[in-house]
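Visitor: A single structure is presented below for examination.
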Amino acid sequence: MRATECTRLGHHGHHRRRPGGGWPGGAAAGAFGCRAYKASLTDFGAVGDGTTSNTRAFAAAVANLSLYASHGGATLVVPPGKWLTGPFNLTSHFTLFLDRDAEILASQDIDEWPIIDPLPSYGRGRDLPGGRYSNFIMGSHLTDVIITGDNGTINGQGNVWWDKFHANKLEYTRGYLLEIMYSDHILISNLTFKDAPAWNLHPIYSSNVIVSNVTILAPVTSPNTDGIDPDSVSDVLIEDCFIVSGDDCIAIKSGWDEYGIAFNMPTRHVIIRRLTCISPFSATIALGSEMSGGIQDIRAEDITAINTESGVRIKTAIGRGGYVKDIFVRRMTLNTMKYVFWMAGNYGQHPDDKYDPNAIPIIHNINYRDVVAENVTIAGKLEGLPGAPFTGICLSNVTVDVVKSKKLKWNCTDVEGVSSDVMPNPCDSLRDLGADAAPCPFPTDPLPIDTVAFQECRCRGVQL
């Protein structure tokens, strides 16, 4: 074990955060190099040969370093090597740092994955009724946690899970690669996540979450390998991420039908910027379909998608309840898409037959501007709900190059809104205001998560 003596060098803004950052004003203990204590995984007997199980070493390391939470926090360094382990928990005032050429490998021995309770806002597992397998890396009721590195890798080795899913041999719902719940002040940065059993990054019931400069990789045919799924969270920043996925690159959620309505925790105040997505069978950014607690104030800008099914997709259904409102998107560049704009009011997966058929979702104030798309099959497929149309839709400065096809360029039912300077001309339910109309709005007020300044430290180790 080594103590670290650190000198704070100053404050830095949010762009391209480096692992030497920390929360401002003492709000958190700081990141790698700014914790009071530091240890290597090898200090706890770990062997990085890719075959030796390090489950006990990870558990011992986190348990030991948790003792320093109230004394300046601690960093666990994962050195170069391949470190096989079963699922493990994190702790507060803690940094997990992966060196370059360090790779944490998830065990493919399913007996190492305990069964845990379903999420209360879902009422059951997402794959199957009942509980779910543990997540690979997880934490609950934490504060000030940083998961970072020098572009090390966390590898879920998901093939065994995908095979069981396709063969209908799962006994419980698959766990996620990283799930943080009931927590505050979380930073995930400068890492590669690959081959998750199902969803990759799942912050839920949490606040003040930053995901920065992260690469997420999975085969495009792998089942349900969503990239980043903010779920019943507030004040979230996702920036400078590259995602190749078998499902939505980003899926914003807030609970499923009657369980999400009862839990009543919305997702709100989310910033997404400088995202690159490849997902041929899913969305660049999805809102829903589990949105029963509500989704509000989502701001996405400078989005690039290549060979992806849709740009921003809204998914909901009768029985969901809740709302999706105050959505703002600008500067999307898309190439080789099935749809640019896609809204579906008939996305009818339900957890059970107890959902309320009178729980009608509200979709309102959805804004897109400054969009360029090439090699597109259908410009827009917008399907609201009969008797409960999606309202307040705005499209401006949009150019879509639709390939020659017998299909309609736009297909709109039960939607209401306006458009300006959109090519090809949209459906009549998006009333044309003319090319000189004001653009669709995009907020100019900063969100609190966007004003976080990080402190850089220079440290030296002191042997204890």
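Visitor: So, Thr444, is that one modelled with pLDDT of 95 or more and surrounded by 15 or more Cβ atoms within 10 Å (Cβ to Cβ) or not?
Guide: When the stated conditions are applied, Thr444 does not pass them.
Visitor: Out of all the residues in the range 225-254, which are open to solvent by 10 Å² or more (accessible area, probe 1.4 Å) and β-branched (Val, Ile, Thr)?
Guide: Val244
Visitor: Restricting the search to the range 239-267, which residues are of a type in the set (Ser, Thr, Tyr), in contact (Cβ under 8 Å) with a residue 60 or more places away in the chain and in a loop (DSSP other than H, G, I, E, B)?
Guide: Selection gives Ser254 alone.
Visitor: Right, next: Looking at (1) within 14 Å of Tyr323 (Cα to Cα); (2) in a loop (DSSP other than H, G, I, E, B), which is the only condition Ser222 fails?
Guide: (1)
Visitor: Name every residue in the range 405-434 that is outside any strand (DSSP E or B), open to solvent by 70 Å² or more (accessible area, probe 1.4 Å) and touching a Ser or Thr at 6+ places or on another chain (Cβ under 6 Å), in order of residue number.
Guide: Going through the range 405-434, the residues outside any strand (DSSP E or B) turn out to be 405-409, 414, 424-429, 433-434.
Then keep just the ones that are open to solvent by 70 Å² or more (accessible area, probe 1.4 Å); that gives 406-409, 425, 428, 433.
Result: Leu433, single match.
Visitor: Name the residue that is nearest to the chain's Cα centre (by Cα), counting only residues in the range 190-199 that are in a strand (DSSP E or B) and crowded, with 24+ Cβ neighbours inside 10 Å. Let's see the steps before the verdict.
Guide: Restricting attention to the range 190-199, the residues satisfying the condition of being in a strand (DSSP E or B) are 191-194.
If we keep only those that are crowded, with 24+ Cβ neighbours inside 10 Å too, we end up with 191, 193.
Values: Leu191: 14, Phe193: 12 Å.
Ranking the candidates gives Phe193 first.
Visitor: In the range 200-217, what residues are open to solvent by less than 10 Å² (accessible area, probe 1.4 Å) and within 23 Å of Arg100 (Cα to Cα)?
Guide: Passing the criteria: Asn200, Leu201, Ile210, Val211, Ser212, Val214, Ile216.
Visitor: Test each condition in (1) aromatic (Phe, Trp, Tyr); (2) in contact with a helix residue (DSSP H, G or I) (Cβ under 9 Å, 6 or more places away or on another chain); (3) over 21 Å from Asp247 (Cα atoms) for Trp161 and report the one that comes out false.
Guide: (3)
Visitor: Follow-up. Among Gly123, Gly130, which is assigned to a loop (DSSP other than H, G, I, E, B), over 20 Å from the mean Cα position of the chain (by Cα) and crowded, with 19+ Cβ neighbours inside 10 Å?
Guide: On the way: Gly130 fails: crowded, with 19+ Cβ neighbours inside 10 Å.
Answer to the selection: Gly123.
Visitor: In addition: When you go through Val211, Val236, Val270 one by one, which is the residue that is in contact with a His (Cβ under 8 Å, 6 or more places away or on another chain), among the β-branched types (Val, Ile, Thr) and assigned to a strand (DSSP E or B)?
Guide: Val236
Visitor: Go through the residues of the range 103-114 one by one and say whether even a single one is closer than 30 Å to Tyr355 by Cβ and open to solvent by 30 Å² or more (accessible area, probe 1.4 Å).
Guide: yes
Visitor: When the residues of the range 383-404 are narrowed to those that are among the charged types (D, E, K, R) and over 22 Å from Thr316 (Cβ atoms), which ends up surrounded by the fewest Cβ atoms within 10 Å (Cβ to Cβ)? Let's see the steps before the verdict.
Guide: Quick first cut of the range 383-404, residues among the charged types (D, E, K, R) only: 383, 401, 404.
Add one more test, that the residue is over 22 Å from Thr316 (Cβ atoms), and what stays is 401, 404.
Values: Asp401: 14, Lys404: 4.
So, considering only residues that are among the charged types (D, E, K, R) and over 22 Å from Thr316 (Cβ atoms), the one surrounded by the fewest Cβ atoms within 10 Å (Cβ to Cβ) is Lys404.
The values are calculated or read from the model by the stated rules, or taken from the named source; none is laboratory data. Being a predicted model, the structure only gives us computed values, none of them experimental. Virtual Cβ from ideal backbone geometry, glycine too; neighbours counted across all protein chains shown. We work out accessible area using only protein heavy atoms, side chains counted, and drop any ligands, DNA or RNA first. Shrake-Rupley method; radii C 1.70, N 1.55, O 1.52, S 1.80 Å.
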